[in-house]
Amino acid sequence: MWMVRVRTGISDLDKMLGGGFMEGDAVLLAGSAGTGKTTLALQYLVNGVTQFGDAGIYVTFEQLPDQIYRDAKNFGWDLRKMEEQNKFRLICTSPELLLETDGGESILDGPIKEIRPRRLVIDSLSHLEMFVPERELRKEAYRLIMYLKTKGLSSLLLWESPQIIGNSFSVTEVGISFLADGIVLLRPVEIESSMRKAIGILKLRGSDHDKQLREFEITTQGIKVEASFSEYEGLMTGSPRKKATLGEAIDQFSAAFARKEKKSCKFLYRFLQYIPCRLLYKNC
Amino acid sequence: MSEASDILNRLLSSEVKGDLLVLFHKNPGIIDTIDGVARRIGRTGNSIGNDVKDLVDLGVLERKQVGKHEAIFLDRKRDGEVQKIIGNYLNSMKKKEG
């Protein structure tokens, strides 16, 4: 069956996603501070307006719109103009108002009727933690996600992961990742003493996707996805190392062997029996 | 006293009102509870209640019941009208002085 995709407009990210997000899905965009979540989310909405004719709503809990207008302008995105054209809305509110349960209409109902958006961003879902008890968080997040789906919105839900780097990685600790249809991860990685940024698709329900971590940069035009970190392994653990080629592995082994001398003779004999000769001829 | 000078006097009657006007003019997309609005100008809900009420009476801000919460937001249309009235008033004062 042919599935409608909602393209981010970032061509390499769309390729990673197999064409874009699935229409009507709620996708978690997780990352620690400074990884580019807000930039990517804004770019998703701005590209929606400028490239695909999709109106969009950005809901912010903490950052004031004034700052978002200014930061967007640095990338050449005039959000105020898009608002004047009824293609964009920037709503600044508190989670308790967005999650109001005592009947009546949602504060999003008005803007949704006004501009008929196809895309929506919530910055950030992790702010719900400040207003909702932990045991209620999953239920409230579910209610919010179902509201967005009912309205037919393809939403990006930002999630601040406190885990910056290291080997005990989890996207959320309260099970929100199970509710989301997809998870895009932004992560800083330290390689050869410099901080670089990686993007990966951890989950995309009902669709194949790129399994590699790719490098990305925040340029003057927004997010630019680049090549994968194919020469490195262990990026998710926070201890990346360059992958050794077979030739390098044999060199290392030889060096170790030279040190161990006679003790290693029996082991070397077994090792050489184990490695297929063809592979050795091919790579050495 | 003219309508314009009355509005102007009420708008300039407290520092909190000034902070609220600046906040809403810079961020017209704010729709929040009194506590939420207060947090955004570094104050508490109790300390801004009267000023919010005054701005609602003037029509610059609007209240809306959202479930058990009361949401406050800028009435862009009325705000535009108020700005126009004040602008005209200030221009006429300048002419008088000139």
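The values are calculated or read from the model by the stated rules, or taken from the named source; none is laboratory data. From a predicted model like this one, the values you see are computed outputs, not experimental measurements. Using ideal geometry, Cβ is built from the backbone for each residue, glycine included, and neighbour counts are taken over all protein chains shown. SASA here: full protein model, heavy atoms, side chains in, ligands and nucleic acids out. Shrake-Rupley method; radii C 1.70, N 1.55, O 1.52, S 1.80 Å.
Per-residue answers, yes or no, for (1) farther than 28 Å from A:GLU136 by Cβ; (2) open to solvent by 20 Å² or more (accessible area, probe 1.4 Å); (3) facing another protein chain (nearest Cβ under 9 Å):
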position: A:ARG70; (1), (2), (3): yes, yes, no
position: A:PHE75; (1), (2), (3): yes, yes, no
position: A:LEU79; (1), (2), (3): yes, no, no
position: A:MET82; (1), (2), (3): yes, no, no
position: A:ASN86; (1), (2), (3): yes, yes, no
position: A:LEU90; (1), (2), (3): no, no, yes
position: A:GLY104; (1), (2), (3): no, yes, yes
position: A:ASP109; (1), (2), (3): no, yes, no
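If the condition is being hydrophobic (A, V, I, L, M, F, W, C) and not in a helix (DSSP H, G or I), then segment A:115-165 contributes A:LEU120, A:VAL121, A:ILE122, A:PHE131, A:VAL132, A:LEU153, A:LEU156, A:LEU157, A:LEU158, A:TRP159, A:ILE164, A:ILE165.
So, in segment A:81-113, how many residues would count as being in contact with a Pro (Cβ under 9 Å, 6 or more places away or on another chain) and of a type in the set (Val, Ile, Thr)?
So in segment A:81-113, the residues in contact with a Pro (Cβ under 9 Å, 6 or more places away or on another chain) come out as A:83, A:87-92, A:111.
Now drop any that are not of a type in the set (Val, Ile, Thr), which leaves A:91.
Qualifying residue count, segment A:81-113: 1.
Of everything in segment B:27-44 that is in a helix (DSSP H, G or I) and over 16 Å from B:LYS64 (Cβ atoms), the residue that is farthest from the other protein chains (Cβ to nearest Cβ) is B:ALA38.
Check segment A:125-137 and report whether any residue there is within 13 Å of another protein chain (Cβ to nearest Cβ) and out of contact with any Pro (no Cβ under 9 Å at 6 or more places or on another chain). Among the residues of segment A:125-137, not one is within 13 Å of another protein chain (Cβ to nearest Cβ) and out of contact with any Pro (no Cβ under 9 Å at 6 or more places or on another chain), which makes the answer no.
Which one is nearest to the chain's Cα centre (by Cα) among residues in segment B:45-98 that are in a loop (DSSP other than H, G, I, E, B) and away from every other protein chain (no Cβ under 14 Å)?
Initially, segment B:45-98 is screened for residues in a loop (DSSP other than H, G, I, E, B), giving B:59-60, B:67-68, B:75, B:98.
Checking which are away from every other protein chain (no Cβ under 14 Å) leaves us with B:59-60, B:98.
On the way: B:GLY59: 8, B:VAL60: 5, B:GLY98: 30 Å.
Only one residue tops the list, namely B:VAL60.
One residue stands out in segment A:43-68 among those that are open to solvent by 10 Å² or more (accessible area, probe 1.4 Å) and β-branched (Val, Ile, Thr): the one that is nearest to the other protein chains (Cβ to nearest Cβ), namely A:VAL49.
A residue that is farther than 26 Å from A:ARG89 by Cα, of a type in the set (A, V, I, L, M) and either outside any loop (DSSP other than H, G, I, E, B) or open to solvent by less than 80 Å² (accessible area, probe 1.4 Å) (or both) occurs somewhere in segment B:9-26. Return a yes/no flag: does segment A:76-89 have any residue that is under 24 Å from the mean Cα position of the chain (by Cα) and aliphatic (A, V, I, L, M). Yes, there is a match, as at least one residue in segment A:76-89 is under 24 Å from the mean Cα position of the chain (by Cα) and aliphatic (A, V, I, L, M).
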